[in-house]
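Each reported figure results from applying straightforward, stated rules to the coordinates on display, with no laboratory input. Worth saying up front: this structure is predicted, and the values here are computed from it rather than measured. Reconstructed Cβ throughout: ideal geometry from the backbone, glycine too, with neighbour counts over all protein chains shown.
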Amino acid sequence: MKSHSRKNIMNFKTVGVVGVGNIGSGVLASLVLHGIRAVAVDVSEKSLETARAGILQTVRLAPVLRKDAPKLTRNEVLERIAFTTRLEEVSTCEFIIENVTEDWAVKKPIYERLDRIASAGVCFGANTSCISITRIGSATSRPDKVIGIHFMNPVHMMPTVEVIRGQHTSAETLATLNRLLAQLKKEAIVVNDLPGFVSNRISHLFMNEAAFVFQDGLATAAQIDAIFKKCFGHKMGPLETADLIGLDTVVSSLDVLYDSFKDSKFRCCPLLRKMVEAGHCGRKSGRGFHVY
Amino acid sequence: MNDSKNVKDIVRNFINNSINIDALGDDEDLFETGLINSLFAVQLMTFVERKFGVEIGGDDLHIDNFKSVSATAAFVVRKSSGQVA
């Protein structure tokens, strides 16, 4: 019992990050900025290279935006992150954060493998947009150690995360995650589990309806966003938010919400799907509702 | 050579095109007025490095260097002429 309590106050030293897209890279930058080492896993060297460049830029410029951010050299950053295509390399990590594509067919086998690779006591943080945490837990033999962490973009700048407790998530797992978040200087808003949770269930209705409004020719993209920013006081409008998230991800999330609730309010705007098919996926592809 | 007027025009254009605002004052504080967010700040700094071939080094990492069109342009001119901020 004594050693157990001591373990609970120990800081995390190495965290595994599986999937290094937008959010995964942001999580890695945040870990490094708070002195935590990481193992970064993705399927291709190309994705890892893109992530490496993005993380270096984010960490290098972080002190401009946050006075408390350390000034790290390129070598200090690279020394703290092991980039790999081998999932097995997360075996020594004390906590694993998964950020792969929002597709159950992709996520499920990863959790099955992680369950075999990671030590029995290691918790998994699922950084999913809409897939239920209970469902993710069911792919493992440790559903009590699976918890949802919905990081906001840009991860190192946003002080609050939405944390989702699955049906079987234990209080101990929540406490473990809270320790990690405290190290990252973040606060959790803990909610219960249904697809989309609180944030995405509501925000995707905004984004989808904004796409319908644009499709109907009611207003330009700039006008729609301006109404949210100038009239509602939001920092960003729904269409620029969709561009930032990636329209492909928004479509996938809407599909998950539609399938989960079988409620027509989540039917994806046809224009959104068409834009994705045209390769106009938002900020990351240089064009979405806005041009970048 | 990056002259002040030219740099200012390029920076102003970049910001205008990115955030869709009509009349951006050269001395308007982009952060205080909430005109740009932290994501765009990183884009602006990345743009400045690529476009003008300057490097934002450890000693340049102050928000004051990028807080307005004028400040950003002055930073570029200073760096281009070899003076460190």
**Item:** Qualifying trypsin sites (Lys or Arg not before Pro) for region A:46-79 [loop in DSSP, other Cβ within 10 Å: at most 16]
**Value:** A:Arg66, A:Lys67, A:Lys71
**Prompt:** Given q = 0.22, 0.26 Å⁻¹, what are the Debye log10 I(q)/I(0) values for region A:199-285, with equal point scatterers placed on the Cα positions and solvent ignored?
**Reply:** -1.08, -1.39
**Request:** Take peptide B:38-50, look around each residue's Cβ out to 10 angstrom, count Cβ atoms belonging to other protein chains, and average those counts.
**Result:** 4
**Complete:** For region A:80-87, Karplus-derived ³J(HN,Hα) couplings (6.51, -1.76, 1.60; θ = phi - 60°; whole Hz; x for glycine and proline) come out as 8, 10, 9, 8, 8, 9, 9, 4
**Message:** Looking only at chain A, where both bridge partners belong to it, what percent of the DSSP beta bridges are antiparallel (to the nearest 5)?
**Reply:** 20 percent
**Fill in**
Checking A:Gly233, A:Gly35, A:Gly19 against a Gaussian network model of chain A (alpha-carbon springs below 10 Å), the top fluctuating residue turns out to be A:Gly233
**Request:** Working from Cα positions, state the angle (0 to 90°, nearest 10) between the long axis of helix A:45-65 and the longest principal axis of chain A.
**Result:** 90 degrees
**Asked** What average number of partner chain Cβ atoms lie no more than 10 Å from the Cβ of the residues making up B:51-64?
**Response** 2
**Request:** Hey, can you grab everything whose amide H is under 5 Å from the amide H of B:Leu30? Only 5+ residues off in sequence or another chain; H modelled, so Pro and N-termini drop out.
**Result:** B:Ser68
**Complete:** If one compares the long axis through the Cα atoms of helix A:22-33 with the longest principal axis of the Cα atoms of chain A, the angle in degrees, nearest 10, works out at 40 degrees
**Asked** 222 nm [θ] for the protein assembly as shown, helices only, -39500 (n - 2.57) per DSSP H run of 4+, per residue, to 500?
**Response** -14500 deg cm²/dmol
**Asked** Straight-line reach from A:Lys284: which lysines have a Cα under 20 Å away, not including same-chain ones fewer than 8 places off?
**Response** A:Lys46, A:Lys235, A:Lys274, B:Lys51
**Message:** Loop-only trypsin sites (Lys or Arg not before Pro) in region A:208-279, please: DSSP not H, G, I, E or B, and at most 14 other Cβ atoms within 10 Å.
**Reply:** A:Lys235, A:Lys262, A:Arg267
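How would you rank B:52-61, A:163-172, highest first, on the average number of other Cβ atoms within 10 Å across their residues? Before the final figure, lay out the partial values.
On the way: B:52-61: 14.9, A:163-172: 18.9.
My ranking of the peptides, most packed first, is A:163-172, B:52-61.
Can you list the chymotrypsin sites (Phe, Trp or Tyr not before Pro) in region A:195-248 that are in a DSSP coil and have 15 or fewer other beta carbons within 10 angstrom?
Within region A:195-248, the qualifying chymotrypsin sites (Phe, Trp or Tyr not before Pro) (loop, at most 15 other Cβ atoms within 10 Å) are A:Phe232.
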**Request:** Check the straight Cα-Cα distances from A:Lys67 and name the lysines below 18 Å, setting aside those fewer than 8 residues away within the same chain.
**Result:** A:Lys185, A:Lys186, B:Lys67
**Karplus 3J(HN,Hα) series, Hz, for region A:203-212 with 6.51 cos²θ - 1.76 cosθ + 1.60 (x for Gly, Pro)** = 5, 6, 5, 4, 5, 5, 5, 4, 5, 4
**Item:** Cα-based convex hull volume of region A:2-192 per residue, rounded to whole Å³
**Value:** 107 Å³
**Message:** Between region A:247-292 and region A:115-193, what is the separation of their alpha carbon centroids in Å?
**Reply:** 25 Å
**Request:** Can you check what the net charge comes to around A:Val77, using other residues whose Cβ is under 14 Å from the Cβ of A:Val77 (Lys, Arg +1; Asp, Glu -1)?
**Result:** +4
**Complete:** Measuring from the longest principal axis of the C-alpha atoms of chain A, the long axis of helix A:104-117 (C-alpha) lies at a number of degrees, nearest 10, equal to 10 degrees
**Prompt:** Which value in Å does the Kirkwood hydrodynamic radius of region A:138-292 take, with 1/r averaged over all unlike C-alpha pairs and then inverted?
**Reply:** 17.0 Å
**Request:** Convert each backbone phi in region A:94-101 into a coupling constant with the Karplus relation 6.51 cos²θ - 1.76 cosθ + 1.60 (shift: θ = phi - 60°), then list the ³J(HN,Hα) values in order as whole Hz, x for Gly and Pro.
**Result:** 8, 7, 10, 10, 9, 9, 7, 3
